[in-house]
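This report refers to the structure that appears directly beneath it.
The values are calculated or read from the model by the stated rules, or taken from the named source; none is laboratory data. Remember, it's a predicted structure, so these values are computed and weren't measured experimentally. Please note: Cβ atoms are built from the backbone with ideal geometry, for glycine as well, and neighbour counts cover all protein chains shown.
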Amino acid sequence: MRLGTLFGVTFRINPFFLVLLLVVSLAGKLPEALLVFGAVLLHELGHVLAARGVGLAAREVELLPFGGVVRMVEPVELNPPAEALVAAAGPLTSGVLALLAFLVGERVAPDSPWYDLFVQANLAIGGCNLLPALPLDGGRIWRAHLARRVGFRQATRRAARLGKICAVLLGLAGAAGLYLGWTNASALVLAFFVYDAADREARGAMYLLMRYLTRKKEEMRREGCLVAQPLVALESVRVRDVIGHFAARRYHLLVVTDERGGVRGIATEWELLDRWLANGRDVTVGEVIRRLH
């Protein structure tokens, strides 16, 4: 459901969000829920402003039952420094809002439960999002750190795996709490959303990487110079596995060796990508070298 557009950013509500609002409304907790989701919206606006600060444009903000997501015009994931900064802006925004609400509440209405709820909501949103697991902000910061060393695809796999583990643990804790009567089913629903989002991040990593690599020539023309990063692989290794180690804002040169360590040839990033697109997902780097020479 589309809410409207502000500063060129479209705001939407996920259908499950409306279902949740209906449930809490029937439980008599609608004002509290709206206050919490207001905190979520402000958290997401922190991401939007940070993205603008690094020259990126957000196209859409979607409110989900247990959080929100900002979608960019260009994928911020393939620019590790920018992704880390944009991701950190959300928890930072929540922390600042919690502090302001606490200070104002103490002066204006020290006995008001609404200020306390807003403080608790922001602390919970900011704290949970600092966990180093995709799709949470902490997971995006962790991926940005890993991507500089192991490449975007491998970094995404590791952060998404941690996200799935956190989702399973949350689900088990939620099931135990539900069985013992300590909590409701919200933890189980949250675990499902986190697991599903982490899985989608992992499955979409290769697509995002390929989208970026196909535009690398444009980046080279714009920058004029990129830092070179050498890689070494046996001739039996598939091109797709090598591409998984490519990092953003680097130009890769692959040294292909045989089993004895002898150099069979050198292939550039563009040569590997062109041959992979032409010959399919199972082409090896040895075949690329033989076709080049």
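Contact list please: Cβ distance under 7 Å, first residue in the stretch 213-242 and assigned to a strand (DSSP E or B), second residue loosely packed, with under 12 Cβ neighbours inside 10 Å, pairs at least six apart or on different chains.
Close Cβ pairs (under 7 Å, with a partner that is loosely packed, with under 12 Cβ neighbours inside 10 Å) amount to 234/259; 238/282.
Consider residue 73 against the criteria (1) closer than 22 Å to residue 5 by Cβ; (2) of a type in the set (Val, Ile, Thr); (3) buried (at least 21 other Cβ atoms within 10 Å of the Cβ): it satisfies all of them except one. Which criterion is unmet?
(3)
How many residues, within the stretch 266-293, are touching a strand residue (DSSP E or B) at 6+ places or on another chain (Cβ under 7 Å), in contact (Cβ under 8 Å) with a residue 24 or more places away in the chain and closer than 29 Å to residue 222 by Cα?
7
Which numbered condition trips up residue 160, out of (1) over 30 Å from residue 275 (Cβ atoms); (2) in contact with a Gly (Cβ under 9 Å, 6 or more places away or on another chain); (3) surrounded by 16 or more Cβ atoms within 10 Å (Cβ to Cβ)?
It is condition (1) that residue 160 fails.
If you take the residues in the stretch 254-272 that are assigned to a strand (DSSP E or B) and of a type outside the set (Ser, Thr, Tyr), which one is nearest to the chain's Cα centre (by Cα)?
If we take residues in the stretch 254-272 being assigned to a strand (DSSP E or B) and of a type outside the set (Ser, Thr, Tyr), then 254 is nearest to the chain's Cα centre (by Cα).
Might you let me know whether the stretch 132-149 holds any residue that is closer than 21 Å to residue 68 by Cβ, at pLDDT 85 or above, in a helix (DSSP H, G or I) and more than 24 Å from the chain's Cα centre (by Cα)?
no
Given the condition surrounded by fewer than 18 Cβ atoms within 10 Å (Cβ to Cβ) and under 30 Å from residue 210 (Cβ atoms), answer yes or no: does some residue in the stretch 21-30 qualify?
No: the stretch 21-30 contains no residue that is surrounded by fewer than 18 Cβ atoms within 10 Å (Cβ to Cβ) and under 30 Å from residue 210 (Cβ atoms).
What about residue 104, is it part of a helix (DSSP H, G or I) and on the phi < 0 side of the Ramachandran plot?
Values: part of a helix (DSSP H, G or I): yes; on the phi < 0 side of the Ramachandran plot: yes.
Considered against the rule, which asks whether it is part of a helix (DSSP H, G or I) and on the phi < 0 side of the Ramachandran plot, residue 104 comes out as yes.
Just give me the residues in the stretch 194-225 being over 30 Å from residue 165 (Cβ atoms) and surrounded by fewer than 16 Cβ atoms within 10 Å (Cβ to Cβ), in sequence order.
Once the filter is applied, which keeps residues that are over 30 Å from residue 165 (Cβ atoms) and surrounded by fewer than 16 Cβ atoms within 10 Å (Cβ to Cβ), the stretch 194-225 yields 214, 215, 217, 218, 219, 220, 221, 222, 223, 224, 225.
Pairs needed: first member in the stretch 148-168, farther than 21 Å from residue 240 by Cβ; second member anywhere, among the aromatic types (Phe, Trp, Tyr); C-beta distance under 6 Å; at least 6 residues apart or different chains.
Cβ pairs passing all conditions: 164/195; 167/195.
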